[in-house]
Amino acid sequence: MAALEKKILSDSKRIVIKVGSALIRSNDKNLINEIILNRIVKEIINLNEAGKEILLVSSGALALGKKSLTFKKNNLKVSEKQAASSVGQVLLINAWKKAFLKYKKQCGQILLTHLDAEIRSSAINARNTIETLLKLNSIPIINENDSVATQELRYGDNDQLAARVAQITSSNLLIILSDVDGLYTSNPKKSSNALLLKYIKRITKSIEKQAENTSSSITVGGMKTKIKAAKIALAAGCNMIITRGNKLRPISSIVQKANFSLFLTNTSPRTARKKWISSQMKIKGNITIDKGAEEALKNGASLLPAGIISVSGSFYKGDIINVLSKKKRIVCVGITAYPAKDAKIIAGAKSNAIENLLGYHSRDVIIHRDDMVLKN
Ligand code: GLU
């Protein structure tokens, strides 16, 4: 099996790395554990140099904010936690910025709520921003927008947020850097019989049960939230690794027999996305296209505004729509990048006229080929 993790790392073009609060916050008088941060940054730079796109999901805002504001009590009110997070987020992003600047790398901060990842129009925007940052050779650094999140702020939420980020960006691998080696059959701190589960092909009921019993002082979520994250990631065609982040080379050591748990997906991000599109029941509208566009779609092209004859229905950016031939046969179903009202305006136009016609330019295409499923 040793070659498996090596293959997965080398085949993964786009990787999400999630860093837990326990790694960020220093246990001594310092606020931030710069040693750990610098090591992780070095690994990211190496991965970039090997041609990989890296997205960072970093926790730590609340932990840093609490420490910096010297809160003594543990049971903070939601508003106090949100205020602490807003203070901590500034410290957190500055720490990453400082560490990346040593390599002349810029980073961009993206704060998301769980809802953003679920609402397709926000998810599309987040994906576009992240992909643009990657093209600009910068590191997207993502955290939950804790100060506006409507749900009670909990540690562990970022595991699932990271999985959602992996899903919306069609990432191939999610690496969760934690303060534990991976998933054990029982709590390794309490039982010497605890075994590390290295390769996990299916999340069974007994695995879920094992995860219930784990926790650590800072990552209160323990393994439970990581299993939830694994479910999201695997369904999205993304493999997931949990490993300990507080070592010299937390990521490259994965291929050198370090301890880890590797959750294996049985699909690819592309297939998972297409399956999801096909399963959507709510079709919000129709776009009818000309013969030339129909041929182009069948040959694997995206749908450009130039090929559109008419638009019907009331849909928004991110909705699922049908694309019809002139004879009203369904050619494909897909996610639209423009709302109906704007699709009507740009119908038949060249993509370079979009900006003039709408006053903004979202994408050259109405439906990207990765966002559509052809019908026979
Ligand atoms: N978003 C929270 C923070 O930055 C942490 C959530 C988590 O640890 O999962 O403090």
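Any read-out appearing in this document is the output of simple, stated calculations on the displayed coordinates, not a laboratory observation. Everything numeric here is computed off the predicted structure, so don't read it as measured data. Cβ coordinates were reconstructed from backbone atoms using ideal geometry, including for glycine residues, and neighbour counts include every protein chain displayed.
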Trypsin sites (Lys or Arg not before Pro), restricted to region 65-97: which are DSSP loop and have at most 11 other Cβ atoms within 10 Å? Lys72, Lys73, Lys77
Which of the residue pairs Lys66/Lys205; Lys18/Lys247; Lys6/Lys231; Lys198/Lys231; Lys52/Lys226 have a Cα-Cα distance greater than 27 Å in the structure shown? Lys66/Lys205
Among Gly88, Gly359, Gly108, which one shows the biggest mean-square fluctuation in a GNM of the chain, springs joining Cα atoms closer than 10 Å? Gly359
Could you tell me whether region 172-318 comes out rounded, prolate or oblate from its Cα gyration tensor? Rule is a ≥ b ≥ c as square roots of the eigenvalues, rounded for a/c under 1.5, then prolate if a/b exceeds b/c, otherwise oblate. prolate
If you take every DSSP beta bridge whose two residues both sit in the chain, what share of them, in percent to the nearest 5, is antiparallel? 40
Running Debye on region 72-154 with equal point scatterers at the Cα sites and no solvent, what base-10 log of I(q)/I(0) appears at q = 0.14, 0.15, 0.22 Å⁻¹? -0.58, -0.65, -1.06
Could you list the square roots of 5 times each eigenvalue of the Cα gyration tensor of the chain, that is, the equivalent ellipsoid semi-axes, sorted largest first and rounded to whole Å? 40, 23, 19
Stretch gain in nm, segment Leu374-Asn94, where the contour uses 0.36 nm per residue and the Cα spacing is subtracted: 96.2 nm
Qualifying lysines (Cα of each under 21 Å from Cα of Lys72; at least 8 residues distant if same chain): Lys29, Lys81
Could you give the angle, 0 to 90 degrees to the nearest 10, between helix 78-101's Cα long axis and the longest principal axis of the Cα atoms of the chain? 90
How about Lys328: which lysines have a C-alpha closer than 20 Å to its C-alpha, ignoring those fewer than 8 places off in the same chain? Lys282, Lys284, Lys291, Lys298, Lys344, Lys375
For the chain, what is the mean residue ellipticity at 222 nm derived from helices alone (per DSSP H run of n ≥ 4: -39500 (n - 2.57); sum divided by total residues; nearest 500 deg cm²/dmol)? -11500 deg cm²/dmol
With each pseudo-label sitting 7 Å past Cα toward Cβ, what's the Ala3-Ser310 distance in nm, one decimal? 5.8
Between the Cα axis of helix 34-49 and the main Cα principal axis of the chain, the angle (0 to 90°, nearest 10) is 40
Order of Met281, Met223, Met372 under a 10 Å beta carbon neighbour criterion, fewest first: Met281, Met372, Met223
One can check that the equivalent ellipsoid of region 219-299, built from the alpha-carbon gyration tensor with semi-axes equal to the square roots of five times its eigenvalues, has lengths in Å, largest first, of 40, 17, 10
Taking Cα pairs closer than 8 Å and at least 6 residues apart, the relative contact order of region 215-300 in percent is 26
List the trypsin sites (Lys or Arg not before Pro) within region 309-348 that DSSP assigns to loop and that have no more than 15 neighbouring Cβ atoms inside 10 Å. Lys326, Lys327, Lys328, Arg329
If region 11-66 were replaced by its equivalent ellipsoid, with semi-axes equal to the square roots of 5 times the Cα gyration tensor eigenvalues, what would those be, largest first, whole Å? 25, 12, 6
Contour minus Cα-Cα span, Lys291 to Trp276, at 0.36 nm per residue, comes to 2.7 nm
Log10 I(q)/I(0) at q = 0.12, 0.24 Å⁻¹ for region 280-348, from Debye over equal alpha-carbon scatterers, is -0.25, -1.05
Region 62-210: C-alpha gyration tensor shape, a/c 1.5 cut-off, then a/b vs b/c: oblate
Can you tell me the dipole magnitude for the chain around its Cα centre, using point charges on the Cβ only (Lys, Arg +1; Asp, Glu -1), in Debye to the nearest 20? 620
